[in-house]
Amino acid sequence: MTPLTFILTSLVQGSGQAGQLTFMFTQSGQTLGNAYSASVSLGDLDGDGDLDAFVANYLGPNIIYFNNGQGTFLDSGQSLGVRDSFDVALDDLDNDGDLDAWVANYNAPNSVWLNDGLGVFTDSGQSLGNNRTNAISLGDLDGDGDVDGWAANGLGEPDAIWLNLGDGRFVHSGQSLGSSFSYGVDLGDLDGDGDLDAWVANEDEGNAVWMNQGNGTFLNSGQSLGFNASFSVDLGDIDGDGDLDAVVANYSGQPNVVWTNSGNGFFNNSGQLLGDNYSFSLSLSDLDHDGDLDAWVANYLGPNLVWVNDGTGIFMDSGQTLGDNKSFSVSLGDLDGDGDPDAWVANDDAPNIVWTNIVQGGCCVKNKCVQLERDTCVQIGGTYFGGNCEEIECTPMEPAGACCINGEAVVLSESECQRVDGVFQGQGSTPEEVNCAKQCDQDLDKNGAVDFPDLLEVISAWGPCSG
């Protein structure tokens, strides 16, 4: 639905204040690639201040797309490996100030691609792992100030931790972490002790939480969280209590699950069941600018869905159905530079799609509040307040016009003009079309001239002064 269609629908149907969207996503019109994309990661790859995209493809080479600053993307022309890539993560791996890429491959070892600072990538030549990696998450696991990697592996191969030597070269930590079929992993301080722990999403087994001992050595917390085909997890404080919670995307027609943190890294099922559309991936961000984390879910069978957080960790379906492709992955970020998160969706056997977020605030149009984007509100003669219409009361505004004050014309309502001892020139009048000659004390009616009406006023008051 275009913004104009949304406006007309809202006004014609007489939408009440409740239930209007404070944001919506529209297709940007770009169709990017067709190489069976499994994952996408966003970051400023060429150092020009906007977000670019590194797309991992499992049939065909990986591709980098450069952003023109307004959310339009161009293929960089680089073909980065043909290795059945399932995931990609970006970070400064060699400590030179730009974003490099770790690519997780399934039928070949993982590879590290180093950035020259301008978005041109070179294979570091490393072969990391035993060909079964489904996902990678990056962070400083051993507390030495550089970026390490957690590889989530499948087919019973243990997850692996790869420690950075400081220059983008990695060595295996020697730890074998579990024997589950791991599809996803996210890193964060789950128990509040200042180091990075790991939540691992497993297929048809309980998800696992691994606690960091502060030096990159991990112990299984003993939790077995859900017995679903879990394909992805994203960590974030969804209920506003200061610790990291988890939202898990499940496949095989199983609902997605929200897990809330007790504060010490132990999790409880919130009881929410979010959709059953064979979800492959999800990403958390504040999509509606209300200060909490919402969720975009990429579905393989069925449209992508956006779930809106009420601020306490309770999610509601926004009602938006976004695309009908087989979506593998989604990454969120401000792609067009307007301050709100947009979405890049990586699709299987279909082009990738960029979805543009339009944040809509309360707009009073003819004494009625409609959720509209700021510029659109102004264009149709409305008054933009922002926020939610449920919190806004549109009251009739007093007509304005030109007001002469000491020879100057300004636009005020008639009552405002009278309060400052001005002369109101009529509703709808403008400063450009009135002549506010400078007043003098003898200009009793303040019309800019001493004339006969002033004399009449003096004669009518002729006689001794009273009081």
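Before moving on, here are some points about what is shown:
- Residue in segment 239-252 that is buried (at least 20 other Cβ atoms within 10 Å of the Cβ), over 20 Å from residue 314 (Cβ atoms) and modelled with pLDDT under 95 present: yes
- When residues of segment 184-232 are limited to those that are of a type in the set (Asp, Glu) and within 15 Å of residue 261 (Cβ to Cβ), the one least open to solvent (accessible area, probe 1.4 Å): 197
- The listed residue being in contact (Cβ under 8 Å) with a residue 24 or more places away in the chain, surrounded by 22 or more Cβ atoms within 10 Å (Cβ to Cβ) and not acidic (Asp, Glu), out of 153, 95, 131: 153
- Inside segment 158-177, residues that are crowded, with 20+ Cβ neighbours inside 10 Å, within 21 Å of residue 227 (Cβ to Cβ) and not aliphatic (A, V, I, L, M) make up a count of 1.
- Residues being closer than 22 Å to residue 321 by Cβ and of a type outside the set (A, V, I, L, M) - total across segment 347-387: 11
- Taking (1) open to solvent by less than 80 Å² (accessible area, probe 1.4 Å); (2) farther than 17 Å from residue 366 by Cα in turn, residue 435 satisfies each apart from (1).
- Residue count, segment 356-373 (criterion: open to solvent by 20 Å² or more (accessible area, probe 1.4 Å) and in contact (Cβ under 8 Å) with a residue 60 or more places away in the chain): 5
- Selection from segment 37-70 of residues that are surrounded by fewer than 19 Cβ atoms within 10 Å (Cβ to Cβ) and more than 17 Å from residue 113 (Cα to Cα): 48, 49, 59, 68, 69, 70
- The set of residues in segment 132-182 being under 19 Å from residue 101 (Cβ atoms) and hydroxyl-bearing (Ser, Thr, Tyr) consists of 133, 137.
- The test for being touching a residue at least 12 places away in the same chain (Cβ under 8 Å), within 30 Å of residue 60 (Cα to Cα), open to solvent by less than 50 Å² (accessible area, probe 1.4 Å) and in contact with a strand residue (DSSP E or B) (Cβ under 9 Å, 6 or more places away or on another chain) holds for residue 350.
- Given (1) crowded, with 22+ Cβ neighbours inside 10 Å; (2) modelled with pLDDT of 95 or more, number of the condition residue 334 does not satisfy: (1)
- Looking only at segment 392-416, and only at residues there that are over 16 Å from residue 429 (Cβ atoms) and at pLDDT below 80, the one that is least open to solvent (accessible area, probe 1.4 Å): 395
- Residue satisfying all of: in segment 2-36; part of a loop (DSSP other than H, G, I, E, B) and loosely packed, with under 15 Cβ neighbours inside 10 Å; modelled with the highest pLDDT among these: 34
- Looking only at segment 58-80, and only at residues there that are closer than 22 Å to residue 102 by Cα and of a type in the set (Ser, Thr, Tyr), the one that is nearest to the chain's Cα centre (by Cα): 65
- Search result, residues across segment 360-382 that are part of a loop (DSSP other than H, G, I, E, B) and either over 16 Å from residue 340 (Cβ atoms) or of a type in the set (Asp, Glu) (or both): 366, 367, 373, 380, 381, 382
- Top-ranked residue in segment 257-310 [being crowded, with 18+ Cβ neighbours inside 10 Å and among the acidic types (Asp, Glu); ranked as nearest to residue 357 (Cα to Cα)]: 288
- Qualifying residue in segment 428-451 (condition: at pLDDT 75 or above, farther than 30 Å from residue 340 by Cα, under 50 Å from the mean Cα position of the chain (by Cα) and of a type in the set (A, V, I, L, M, F, W, C)): yes
The values are calculated or read from the model by the stated rules, or taken from the named source; none is laboratory data. All values derive from a computational prediction rather than experimental measurement. Virtual Cβ from ideal backbone geometry, glycine too; neighbours counted across all protein chains shown. These area figures cover heavy atoms from the full protein model, side chains too; ligands, DNA and RNA do not enter into them. Shrake-Rupley method; radii C 1.70, N 1.55, O 1.52, S 1.80 Å.
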